[in-house]
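Chemist: First the structure, then my questions, so here it is.
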Amino acid sequence: MNRRDFLKGAGASTALASIPGCGGIPAIVGGPRRRVAVVGGGYGGATAARYLKLLDASVEVVLIEPNEAFVSCPLSNLVLGGFRSMAEITTPYGGLIEHGVHVVRDTATAIDVDGKQVRLANGNPVHFDRVILSPGIDFMWEALPALSDEQAQWRVPHAWKAGPQTVTLRRQLEAMRDGGVFAISIPEAPYRCPPGPYERACLAAAYFKAFKPRSKVLILDANEDVTSKGPLFKKAWAELYAGMIEYRPNSKAIDVDVRNNVLKLEFGDEKADVLNVLPPMKAGRIVEPFITANKRWCEVDWLTYESRAAKGVHILGDSLQIAPLMPKSATMANGHGKTCAAAVVSLLRGEVPNPSPTLVNTCYSMVSERMAVHVASVHKYDLSAHTMRPVPGAGGVSASMNEAEGTYALNWARNIWADALG
Amino acid sequence: MLARVSAAVWLAAACGAAAQPAGTPPPAFAPPNLGASGVRAMAANCASCHGTDGRAAPGSAVASLAGRPRGEVAQAMVLFREGRKPATVMHQIAKGFNDDEIDAMDAWFSRQKRREDPAR
């Protein structure tokens, strides 16, 4: 569906706006009470919903999310390594409900910009005064044709959206023979969570070291070098997992032979016992009509997160065309959620949004069950470039891998989950 | 091509300093918003590690900031920024804030209630 079709369709559906209420959500019949619909209950969307209520309890907030509970991508590599359970990275949406957020368990299928409503797969459309879209990423299966088939996606999992895919990949690692090869294929940047694949290599190797010591991790990276925390990861591979992790840059996947577990690269093929392929990524499906950058990502006004393509539509998190040196990380999505929530509250009141937002990114990666490394940065609004830019001299990476940062990483998870989900 | 530029940008980030691609003009940052909502928004950045409104989860190894005596958070931030207090990450983050911003966030956190029910 192109943008023009989308907008045409929008006009036809405005009649639905008169249907009162839906799924237990009180109908809006005018008056001063304003409703914000939030699509997607991940780090960005859940945070936006929580902070909308924190900043102005009178705003009605409807969160639309198909999953029963939030499952964290950060820390999910600990599940792959066997060091944590799925339950330990899962948080229910009950906290947000306690804070007064209406949580609608449904899938948003389209945004009717002119009619100001979110269309749902099952329920009635949800009307909004403003809408915040935080769908995360979607996969560009066309770049790996054999994986367009859904069954193939479970044989060769991505496990790049935490949940059943994480469980599937963990089971494959458990079933793998000692002496087997676990291959991780990384797409060209930008993709969600730049250091995530290298962390995954560490934690798979940690598992192998304890239980299958003759096994190997093979990293096939489309990029020319490790895209984040490179020296720290390389040190961890050499010192903690000597001889177990092989890193090959400039190794771009072009397809998969699913039956034989063979990754087809631009130059040559690579067979593995367990094959984990991260396809190239783009903005989540619901924001497709608002993609403006490189046919993949959405551009926004960094003061309000309002889409460059549509008024009243705000977009957060991994779907965004990143600002300079801003990673697609959970902490960034959390920061987007807060900045956007504050701006939306201001706009609903007819006030001027904060002209000087700050974002702080702290991104931890586990290099073993207990040790972590970080990258941090502070971003402020640049008046001439109209974007967020890192503050020169601030930020940096860990001096070395260490257990203190491992503890801080786990604390970060507890506190950010509570911050986003109540 | 765009993807390659982005990769280079991340590589720069991985090297530690907030390096900019060559030829990029120096940033012209908006003046800090030290109004009530601006300070609250700035302080909200601390929540991902230190808890919402500076109230960290019970038993957290990361300090709670809410309800600390006026001046305590600011003193720690200045020491972090100047490299006079040991840190894993705070020396890097503190360099992103000037004295006025640090003082305003300190005042804001000092006014927040501490976590009352430690069992929660």
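Chemist: Please report, in debye to the nearest 20, how large the charge dipole of the stretch B:36-120 is about its Cα centre when each Lys and Arg carries +1 at its beta carbon and each Asp and Glu carries -1 there.
Modeler: It works out to roughly 260 debye.
Chemist: Which whole number in µm²/s is D for the stretch A:165-233 by Stokes-Einstein, with the Kirkwood Rh taken over Cα pairs at 37 °C and 0.692 mPa s?
Modeler: Using the Kirkwood radius from Cα pairs, D works out to 257 µm²/s.
Chemist: Next question. Leaving out same-chain residues fewer than 8 places away, which lysines sit with a Cα under 21 Å from that of A:K53?
Modeler: Within the straight-line cut-off, A:K53 pairs with A:K116, A:K338, B:K113.
Chemist: May I pose another question? Would you mind checking which residues have amide H under 5 Å from A:T109's amide H? H placed 1.01 Å from N; only 5 or more apart, or other chain.
Modeler: Under 5 Å from the amide H of A:T109: A:R119, A:L120, A:A121.
Chemist: Further question on the same structure: How high is the FRET efficiency from A:F211 to A:R105, r the C-beta distance, R0 41 Å, rounded to 0.05?
Modeler: Rounded to the nearest 0.05, the efficiency is 0.60.
Chemist: Give me B:D100, A:D255, A:D419 sorted ascending by neighbouring Cβ count inside 10 Å, so fewest comes first.
Modeler: B:D100, A:D255, A:D419
Chemist: Of A:A310, A:N354, A:Q321, which is farthest along the charge dipole of the protein assembly as shown in the positive direction, counting Lys and Arg as +1 and Asp and Glu as -1 at C-beta?
Modeler: A:N354
Chemist: Modelled label-to-label distance, A:T292 and A:R177, 7 Å Cα→beta-carbon offset: nm?
Modeler: About 5.5 nm separates the two model spin labels.
Chemist: For A:V103, what residues show an amide H to amide H distance below 5 Å, using hydrogens built from the backbone and excluding near sequence neighbours?
Modeler: Distant-sequence amide H within range of A:V103: A:L63.
Chemist: Give me A:I184, B:I102 ranked fewest to most by other Cβ atoms within 10 Å of their Cβ, as a rough exposure proxy.
Modeler: In increasing order of surrounding Cβ atoms, one gets B:I102, A:I184.
Chemist: Which value, in debye to the nearest 20, gives the size of the charge dipole of the stretch A:141-279 about its Cα centre, when Lys and Arg are +1 and Asp and Glu are -1 at the Cβ?
Modeler: For this selection, approximately 580 debye.
Chemist: How big is the stretch B:36-120 by Rg and Dmax over its Cα atoms, in Å?
Modeler: Using the Cα atoms of the stretch B:36-120, the pair Rg, Dmax is 12.3, 37 Å.
Chemist: To continue, here is another question. If you average 1/r over every pair of different alpha-carbon atoms in the stretch A:287-364 and take one over that average, what Kirkwood value in Å do you get?
Modeler: 12.8
Chemist: Which Cα, out of A:S251, A:V373, B:G23, lies furthest along the positive dipole direction of the protein assembly as shown (beta carbon charges, K/R +1, D/E -1)?
Modeler: Looking along the dipole axis, the top candidate is A:V373.
Chemist: Determine the calculated [θ] at 222 nm for the protein assembly as shown from helices alone, applying -39500 (n - 2.57) to every DSSP H run no shorter than 4 residues and normalising by the residue count; nearest 500 deg cm²/dmol.
Modeler: -9500 deg cm²/dmol
Chemist: Report ³J(HN,Hα) in whole Hz for each residue of the stretch A:130-145, in order, from the Karplus equation J = 6.51 cos²θ - 1.76 cosθ + 1.60 where θ = phi - 60°; Gly and Pro get x.
Modeler: For the stretch A:130-145, the Karplus curve yields 9, 10, 10, 10, 9, x, x, 9, 10, 9, 8, 4, 4, 7, 9, x Hz.
Chemist: For the protein assembly as shown, what proportion of DSSP beta bridges, expressed in % and rounded to the nearest 5, is antiparallel?
Modeler: Among the beta bridges of the protein assembly as shown, antiparallel pairing accounts for roughly 60 percent.
Chemist: Here's something else I'd like to know. In nm², what is the average projected area of the convex hull enclosing the Cα atoms of chain A?
Modeler: That works out to 20.1 nm².
Chemist: Shifting gears a bit: Two decimals is fine: what is log10 I(q)/I(0) at q = 0.09, 0.19 Å⁻¹ for the stretch A:141-279, from a Debye sum with one equal scatterer on every Cα and no solvent?
Modeler: Debye output, listed in q order: -0.23, -1.14.
Chemist: So which of A:K295/B:K95; A:K328/B:K95; A:K328/B:K85 end up more than 27 Å apart, counting from Cα to Cα?
Modeler: Violating the 27 Å Cα-Cα cut-off are A:K295/B:K95; A:K328/B:K85.
Chemist: Using the Cα centre of the protein assembly as shown as the reference point, and only Cβ charges (+1 on K/R, -1 on D/E), how large is the resulting charge dipole? Debye, rounded to the nearest 20.
Modeler: 400
Chemist: Fewest first, what order do A:T292, B:T24, A:T166, A:T387 take by the number of other Cβ atoms within 10 Å?
Modeler: B:T24, A:T292, A:T387, A:T166
Chemist: Counting Lys and Arg as +1 and Asp and Glu as -1, what is the net charge of the other residues whose Cβ lies under 10 Å from the Cβ of A:V59?
Modeler: So the environment of A:V59 carries a net charge of +3.
Chemist: Sticking with this one: Picking from A:T168, A:L263, A:T227, whose Cα lies most toward the positive end of the charge dipole for the stretch A:141-279 (charges on Cβ: Lys, Arg +1; Asp, Glu -1)?
Modeler: In the stretch A:141-279, that residue is A:T168.
Chemist: Distance in nm between label sites at A:S400 and A:E88, each 7 Å beyond Cα in the beta-carbon direction?
Modeler: In this crude label model, A:S400 to A:E88 measures out at 2.6 nm.
Values in this text are rule-based calculations from the coordinates and carry no lab data. The structure displayed is predicted, hence computed values, not measured ones. We place every Cβ from the backbone using ideal geometry, glycine too, and count neighbours over all the protein chains shown.
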